[in-house]
Protein chains: 2
Amino acid sequence: MGYQAFTVQDAIERVRTLGLIGNEPVTAEEIGDGNLNLVFRIHAGDQHLILKQALPYAKVVGESWPLSLERAWIEQSALKEFAKVAIPFVPRVYHASKEEAFTVMEDLSHLTIVRAGLLAGEKYPLLAEHIGSYLARTLFYTSDFALGPVAKKQIARQYYNPDLCDITEKLIFTDPFYDAETNTIEAGLEAEVDRIWNDAELKREVAKLEALFITKGDALLHGDLHTGSIFASAEETKVIDPEFAFYGPFGFDVGQFIAHLFFAAYPDYDRLREERIKDIDTFWLTFASTFKALWEREAVEPFRSADGLVEDVLSTILQDALGFAGCELIRRTIGLAPVADLEQITDPTVRLERKRHALRLGTALIKRRTECKTFTDLRNFDVTEELSR
Amino acid sequence: MGYQAFTVQDAIERVRTLGLIGNEPVTAEEIGDGNLNLVFRIHAGDQHLILKQALPYAKVVGESWPLSLERAWIEQSALKEFAKVAIPFVPRVYHASKEEAFTVMEDLSHLTIVRAGLLAGEKYPLLAEHIGSYLARTLFYTSDFALGPVAKKQIARQYYNPDLCDITEKLIFTDPFYDAETNTIEAGLEAEVDRIWNDAELKREVAKLEALFITKGDALLHGDLHTGSIFASAEETKVIDPEFAFYGPFGFDVGQFIAHLFFAAYPDYDRLREERIKDIDTFWLTFASTFKALWEREAVEPFRSADGLVEDVLSTILQDALGFAGCELIRRTIGLAPVADLEQITDPTVRLERKRHALRLGTALIKRRTECKTFTDLRNFDVTEELSR
């Protein structure tokens, strides 16, 4: 059975053949955006399923890049790996086919995508805590500190994901920092962007973060942990789409999530700023305390007994995360993949002001990340002179 | 053809079948120490060959650990990779068999093993410069900075070497820092060793270096670059035995070589100290200037144009290298694989004093490595209060 992109009918037949639905009447539709994957929602009787199939290309602003189907297998493997250690936050997988690059999993339609939900005024009181716990568990348990180096190497080598890492490297660390074709710079933002392109210190620090991203294999990362990759309700949180999963630095997922919590404040900054900062606070506290507790209970030697090591690891994670958050803030403001949090601000003056804010906050986070010894240092970050300059 | 350990006769037949020697009279002998490999020297007419075959175990102080034959293939691949970028310093390979785990290469009998040569009073005026150039080239050209992340990942995944990495982790970063069976502590050294075992700060810093070793994939390392892995004469230098090769942190090979230059001073410290420090100086200057020159000419973007990045990378390499050098100094003094430089000192008082010195120097290098912003800071290291305490 070679690979072929499914029709709705193919998808239905596949789940029926797999015995996941019976012969009852079935409704099905393709609900993906068609950029990277086909996504079929299939309902039959009590069964509510999603069948996701990778496409052999990425469609981005009209252009089409070839993209390895391997990523479906990466996603399937990562979902299994994450389910082992963070099951409440991972969608249930019913079937995974490497050959045909598809996964059948539970339908999460009773939840909403967090970015859309927040924009619509939804509240997710447990989101920050849940993601803190999710990341502490996925990062710690897939690291050398939990697995020991031999078992970890065995797992890490399976997550060879050069295609998607390459996309991330280009879109996050490279293109936004020079006049690349992939950028979309709103009229009125040119001076601010010029400042970024001419900031040699900033560009050096970004290059350091990129080097960290491509050389440090701390743990199995989700790799694309923004608020569009999270389904939630007031009680539940599920992290989907780990097709960018690879062994990378601890701080990357942490930083991406922080960046998107910052973004979530922009639609109504004065009202939402404090709320989102509190979320970031809760997120980090949960992450750090859970990571530390897991370490103290389960880290392998000689790491567990090394006095003060976990504190040092956490402070490095924080600093790296702030740098990665800064890169994400910049690239989502002027790069290829804009966020609705900014784009849906209707007043052009306000929108420009918020975009300028995002760029300055990003710059400050990148350049001054090493000043943050503890998390409370971060609270001062968007009122610094950097922003008023 | 499955694997079988060769006899001398097998070795001769193999090189004859390969057409590397003809039907002329041949002399051959097994010259290895039999711990990890069989090494046959084969002379026939003008042809002088070495056939090296991996054994499926490591024999260490009587015990035998199973060891994957994969490492022969790792060594063959690394020799080829290093020859591409540093050909003057790599032995010529005539044939490599993955299945039978053997490599036929040029016989380097006209050179001496550097450790033995230095102990016998030989001079290697170009050694430090050659190894500086060798490491600058092998490390730079196998890194993301030269290859770009996609090509580098493709190469890096071939060097999955968990067995030998595990040995290094245990013997360098773990065992010497607690009362492990593998240690050999000379009578009279107990108090000094206790100090190490009770130094919480030291143990934390060693754990950080271990974490760096197992998570950072900067470049293809030799992995065991001590003076016993180098053949040299006054004019020539060849680095052999990269069976520990893997993608690891830039500073590791650099640090190991520095440690063994320190060791080389111990047989006659007052006379040799200045000479070896000068070697270390030359080594680092050559390494750093060559690495920088290669970077400026050939690094990929965005790294090449990132202002000040290469200086930052080099200063990190130096600090990490000093830490790794410190670990190597300690483990070779009390761990499983002692060095002749210390063991052959006949006067027990002097020998103990030098061992104590090595342990204190190692401790100082590990704990104070981040104080070394430039290399000149290092010159003060073995006269610090740390050593007189």
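The values are calculated or read from the model by the stated rules, or taken from the named source; none is laboratory data. The structure presented is a predicted model; accordingly, all values stated were derived computationally and were not measured. Note that we place each Cβ from the backbone using ideal geometry, even for glycine, and neighbour counts take in every protein chain shown.
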Quiz item: Counting only residues that are in contact with a Phe, Trp or Tyr (Cβ under 8 Å, 6 or more places away or on another chain), part of a helix (DSSP H, G or I), more than 14 Å from chain B (Cβ to nearest Cβ) and not charged (D, E, K, R), how many does segment A:324-344 have?
Solution: 4
Quiz item: Which residue pairs have Cβ atoms closer than 8 Å, lie 6 or more positions apart in sequence or on different chains, and pair a first residue in segment B:188-204 that is within 14 Å of another protein chain (Cβ to nearest Cβ) and over 22 Å from A:Asp312 (Cβ atoms) with a second residue that is among the polar types (S, T, N, Q) and buried (at least 19 other Cβ atoms within 10 Å of the Cβ)?
Solution: none
Quiz item: Could you say which residue among B:Asp241, B:Asp312, B:Asp307 is among the charged types (D, E, K, R), closer than 30 Å to A:Asn198 by Cβ and in contact with an Asp or Glu (Cβ under 8 Å, 6 or more places away or on another chain)?
Solution: B:Asp307
Self-check item: Check on A:Asp347, of a type in the set (Asp, Glu), within 14 Å of another protein chain (Cβ to nearest Cβ) and more than 20 Å from A:Gly117 (Cβ to Cβ)
Solution: no
Practice problem: Among residues belonging to segment B:205-230 that are β-branched (Val, Ile, Thr) and in contact with a Pro (Cβ under 8 Å, 6 or more places away or on another chain), point out the one that is farthest from the other protein chains (Cβ to nearest Cβ). | Solution: B:Val206
Quiz item: Somewhere in segment B:369-389, is a residue at pLDDT below 95, touching a Ser or Thr at 6+ places or on another chain (Cβ under 6 Å) and either crowded, with 18+ Cβ neighbours inside 10 Å or assigned to a helix (DSSP H, G or I) (or both)?
Solution: no
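Listed here are the residues, each with its yes/no results for (1) assigned by TED's automatic domain parsing to the domain that holds B:Ile240; (2) of a type in the set (Asp, Glu); (3) touching a strand residue (DSSP E or B) at 6+ places or on another chain (Cβ under 7 Å).
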{"residue": "B:Ile50", "(1), (2), (3)": "no, no, yes"}
{"residue": "B:Glu81", "(1), (2), (3)": "no, yes, yes"}
{"residue": "B:Phe89", "(1), (2), (3)": "no, no, yes"}
{"residue": "B:Val93", "(1), (2), (3)": "no, no, yes"}
{"residue": "B:Arg115", "(1), (2), (3)": "yes, no, no"}
Self-check item: Complete set of residues in segment A:180-203 that are among the charged types (D, E, K, R) and within 13 Å of B:Glu301 (Cβ to Cβ)
Solution: A:Lys203
Quiz prompt | Residues of segment B:127-151 satisfying the condition of being over 15 Å from the mean Cα position of the chain (by Cα) and within 14 Å of chain A (Cβ to nearest Cβ) | solution = B:Phe140, B:Thr142, B:Ser143, B:Asp144, B:Phe145, B:Ala146, B:Leu147, B:Gly148, B:Pro149, B:Val150, B:Ala151
Exercise. Would you mind stating whether A:Lys238 is of a type outside the set (A, V, I, L, M, F, W, C) and without any contact (Cβ under 8 Å) to a residue 24 or more places away in the chain?
Key: no
Practice problem: Being within 8 Å of chain A (Cβ to nearest Cβ) and of a type outside the set (S, T, N, Q) is the filter here, so list the residues in segment B:164-178 that pass it. | Solution: B:Cys165, B:Asp166, B:Glu169, B:Phe173, B:Phe177, B:Tyr178
Practice problem: Taking A:Ser233 as meeting all but one of (1) facing another protein chain (nearest Cβ under 10 Å); (2) surrounded by fewer than 20 Cβ atoms within 10 Å (Cβ to Cβ), write down the number of the exception. | Solution: (1)
Quiz item: How many of the residues making up segment B:342-371 are of a type in the set (Lys, Arg) and farther than 18 Å from B:Arg271 by Cα?
Solution: 5
Quiz item: Do you know which residues across segment B:276-288 are surrounded by 14 or more Cβ atoms within 10 Å (Cβ to Cβ) and not aromatic (Phe, Trp, Tyr)?
Solution: B:Arg276, B:Ile277, B:Asp279, B:Ile280, B:Asp281, B:Thr282, B:Leu285, B:Thr286, B:Ala288
Quiz prompt | Answer from B:Arg71, B:Arg92 - the residue that is charged (D, E, K, R) and buried (at least 18 other Cβ atoms within 10 Å of the Cβ) | solution = B:Arg71
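Conditions tested, residue by residue: (1) surrounded by 16 or more Cβ atoms within 10 Å (Cβ to Cβ); (2) closer than 29 Å to B:Ile167 by Cα; (3) not assigned by TED's automatic domain parsing to the domain that holds B:Arg204.
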| position | (1), (2), (3) |
| --- | --- |
| B:Thr290 | yes, no, no |
| B:Gly308 | no, no, no |
| B:Ala321 | yes, yes, no |
| B:Gly335 | yes, yes, no |
Quiz item: Looking at this structure, is A:Arg356 out of contact with any strand residue (DSSP E or B) (no Cβ under 9 Å at 6 or more places or on another chain), buried (at least 20 other Cβ atoms within 10 Å of the Cβ), more than 14 Å from chain B (Cβ to nearest Cβ) and part of a helix (DSSP H, G or I)?
Solution: no
Quiz item: Taking segment B:324-354, which residues are among the aliphatic types (A, V, I, L, M) and in contact (Cβ under 8 Å) with a residue 12 or more places away in the chain?
Solution: B:Ala325, B:Leu329, B:Ile330, B:Ile334, B:Leu336, B:Ala337, B:Val339, B:Ala340, B:Leu342, B:Ile345, B:Leu352
Self-check item: Given (1) in a helix (DSSP H, G or I); (2) within 14 Å of another protein chain (Cβ to nearest Cβ), number of the condition A:Ala288 does not satisfy
Solution: (2)
Quiz item: With respect to A:Ala120, is the statement that it is within 14 Å of chain B (Cβ to nearest Cβ) and at pLDDT 95 or above true?
Solution: no
Quiz item: Got at least one residue in segment B:7-18 being under 19 Å from B:Phe246 (Cα atoms) and without any contact (Cβ under 8 Å) to a residue 24 or more places away in the chain?
Solution: no
Exercise. Among residues belonging to segment B:305-323 that are free of Cβ contacts under 8 Å to residues at least 24 places away in the same chain and in a helix (DSSP H, G or I), point out the one that is nearest to the other protein chains (Cβ to nearest Cβ).
Key: B:Leu309
